[in-house]
Amino acid sequence: MTSLNMKRVLITGAARGLGRAMAESFAAEGAEVVLTDLDAEGLDDAREALSSAGARCRTYVLDVTDPAAIAEAREALHADAGTVDILVNNAGVVFGGEFLEVPLEKHHLTYRVNVEGPVNMTHAFLEDVIGSPRGHLVYIASASGYVGLPGGTTYASSKWAAIGFAESIRAELKHQGHRRVGVTTVCPTYIATGMFEGVAPPKTTSMLDPARIAAKVVTAVKRRKVWVREPWIVKITPLLKHGLPTPVSDFLSDAFGASKSMDHWQGHGKSGE
Ligand SMILES: NC(=O)c1ccc[n+]([C@@H]2O[C@H](COP(=O)([O-])OP(=O)(O)OC[C@H]3O[C@@H](n4cnc5c(N)ncnc54)[C@H](O)[C@@H]3O)[C@@H](O)[C@H]2O)c1
């Protein structure tokens, strides 16, 4: 098992929600946490809370869609502290609604943040991670990366891309012989962070607790697990989706309520964030 003590963990989108919960969980393991986000005020708030709880913590305002800002933050971090051992690609956005009702620029923004963001960050920090004695890359995807999601077309497809990217970088690192670098892909259903306020979780599941998912991510990094799929239904979703005839998997998606889950979405992106 990898000890996280003294490891430097950079997390994107860490001002609130799952990112902040993961910062708390990594810090509890003795890691130095580097919180990044475009929300400067939220970052200040998170740093104050973490620092007063005794965590070693730094913050950098950073937009994952902006390679120049990422390069600047990387330079500053290297000068202030040093390189990164673990990169957690968490920042994400969703703009729910029927495809034509969502402005085209919101669909594009979803891809820029959720797809190009992790690519930009990995491009900037991969050398750091490879140079670490026990480097690790984490990609926060989603259970929607395995299915079609009415009312979340570009969100779900951005998470299909996130899974494909994480799998490809994992395969490439293995092919290159970088066996000390772990890669974990995280695929949860709905988490109670406000991002998916108003949705109906699929039947047999409920809203997940961010602290619990954060703890699962930290355990996965320590044990070098490739997948975090939560709850249980997500562990068999790829099999149901790809192992069954399409009409049967469509029927199951309707029966579990996944097809209607976004109908009453009221999450963060609703106000144009
Ligand atoms: N909440 C859920 O139900 C759920 C389920 C599965 C996966 N996820 C994924 O988990 C991750 C975290 O989601 P959350 O629920 O904590 O959402 P959230 O909205 O609470 O937090 C997202 C954070 O990302 C930041 N962010 C947005 N755009 C950014 C950008 N361009 N650059 C830097 N930071 C940016 C926001 O400021 C915010 O602090 C996302 O990738 C999301 O897709 C969430």
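Just so you know, all these numbers are worked out from the coordinates, no wet-lab data involved. These figures come from a predicted structure and were not determined experimentally. When we count neighbours, we look across all protein chains shown, and the Cβ atoms used for this are built from the backbone with ideal geometry, even at glycine.
Among the residues of the range 56-70, is there at least one that is buried (at least 17 other Cβ atoms within 10 Å of the Cβ), closer than 30 Å to residue 263 by Cα and acidic (Asp, Glu)?
yes
Any residue in the range 154-172 that's farther than 12 Å from residue 184 by Cα: show its pairings with residues that are away from the ligand (no atom under 12 Å from the Cβ) and outside any helix (DSSP H, G or I) at Cβ separation under 8 Å, as long as the two are six or more apart or on different chains.
Correct list of pairs: 154/102; 156/147; 156/148.
Looking at the range 5-15, can you tell me whether even one residue there is in contact with a helix residue (DSSP H, G or I) (Cβ under 7 Å, 6 or more places away or on another chain), part of a helix (DSSP H, G or I) and of a type outside the set (D, E, K, R)?
The answer is no; no qualifying residue exists.
Give the residues of the range 67-76 that are under 18 Å from residue 109 (Cβ atoms) and either in contact with a strand residue (DSSP E or B) (Cβ under 7 Å, 6 or more places away or on another chain) or in contact (Cβ under 8 Å) with a residue 12 or more places away in the chain (or both), sorted by residue number.
67, 70
For the range 22-42, enumerate the residues that are surrounded by fewer than 23 Cβ atoms within 10 Å (Cβ to Cβ), outside any loop (DSSP other than H, G, I, E, B) and within 13 Å of the ligand (Cβ to nearest atom).
Answer for the range 22-42, where residues must be surrounded by fewer than 23 Cβ atoms within 10 Å (Cβ to Cβ), outside any loop (DSSP other than H, G, I, E, B) and within 13 Å of the ligand (Cβ to nearest atom): 24, 40, 41, 42.
Considering only residues that are near the ligand (Cβ under 8 Å from one of its atoms) and in contact with an Asp or Glu (Cβ under 9 Å, 6 or more places away or on another chain), which ones fall in the range 156-206?
186, 187, 188, 189, 191, 192, 199 - these are the residues of the range 156-206 that are near the ligand (Cβ under 8 Å from one of its atoms) and in contact with an Asp or Glu (Cβ under 9 Å, 6 or more places away or on another chain).
Evaluate the following for residue 49: is it within 12 Å of the ligand (Cβ to nearest atom), surrounded by 12 or more Cβ atoms within 10 Å (Cβ to Cβ), free of Cβ contacts under 8 Å to residues at least 40 places away in the same chain and not in a loop (DSSP other than H, G, I, E, B)? Give the steps one after another, and end with the answer.
On the way: within 12 Å of the ligand (Cβ to nearest atom): no; surrounded by 12 or more Cβ atoms within 10 Å (Cβ to Cβ): yes; free of Cβ contacts under 8 Å to residues at least 40 places away in the same chain: yes; not in a loop (DSSP other than H, G, I, E, B): yes.
No; evaluated as a whole, the condition is false for this residue.
Looking at the range 63-82 only, could you name the residues that are among the small types (Gly, Ala, Ser) and either near the ligand (Cβ under 10 Å from one of its atoms) or more than 18 Å from residue 5 (Cβ to Cβ) (or both)? Outline the logic, then answer.
So in the range 63-82, the residues among the small types (Gly, Ala, Ser) come out as 68-69, 71, 73, 76, 79, 81-82.
If the condition is that a residue be among the small types (Gly, Ala, Ser) and either near the ligand (Cβ under 10 Å from one of its atoms) or more than 18 Å from residue 5 (Cβ to Cβ) (or both), then 68, 69, 71, 73, 76, 79 are the ones that fit.
Residue by residue through the range 83-107, note down the ones that are in a helix (DSSP H, G or I), more than 16 Å from the ligand (Cβ to nearest atom) and in contact with a Ser or Thr (Cβ under 7 Å, 6 or more places away or on another chain). Reasoning before the result, please.
In the first step, residues of the range 83-107 are kept if they are in a helix (DSSP H, G or I); the result is 99-101, 104-107.
Keeping just the survivors that are more than 16 Å from the ligand (Cβ to nearest atom) gives 99-101, 104.
99 - this is the single residue of the range 83-107 that is in a helix (DSSP H, G or I), more than 16 Å from the ligand (Cβ to nearest atom) and in contact with a Ser or Thr (Cβ under 7 Å, 6 or more places away or on another chain).
Would you mind telling me which numbered condition in (1) touching a residue at least 12 places away in the same chain (Cβ under 8 Å); (2) under 21 Å from residue 125 (Cβ atoms) residue 79 fails?
Of the numbered conditions (1) touching a residue at least 12 places away in the same chain (Cβ under 8 Å); (2) under 21 Å from residue 125 (Cβ atoms), the odd one out for residue 79 is (1).
Would you please list the contacts, defined by Cβ atoms under 6 Å and residues six or more apart or on different chains, that run from a residue in the range 131-143 that is within 9 Å of residue 187 (Cα to Cα) to a residue that is more than 9 Å from the ligand (Cβ to nearest atom) and part of a loop (DSSP other than H, G, I, E, B)?
So the pair list comes out empty.
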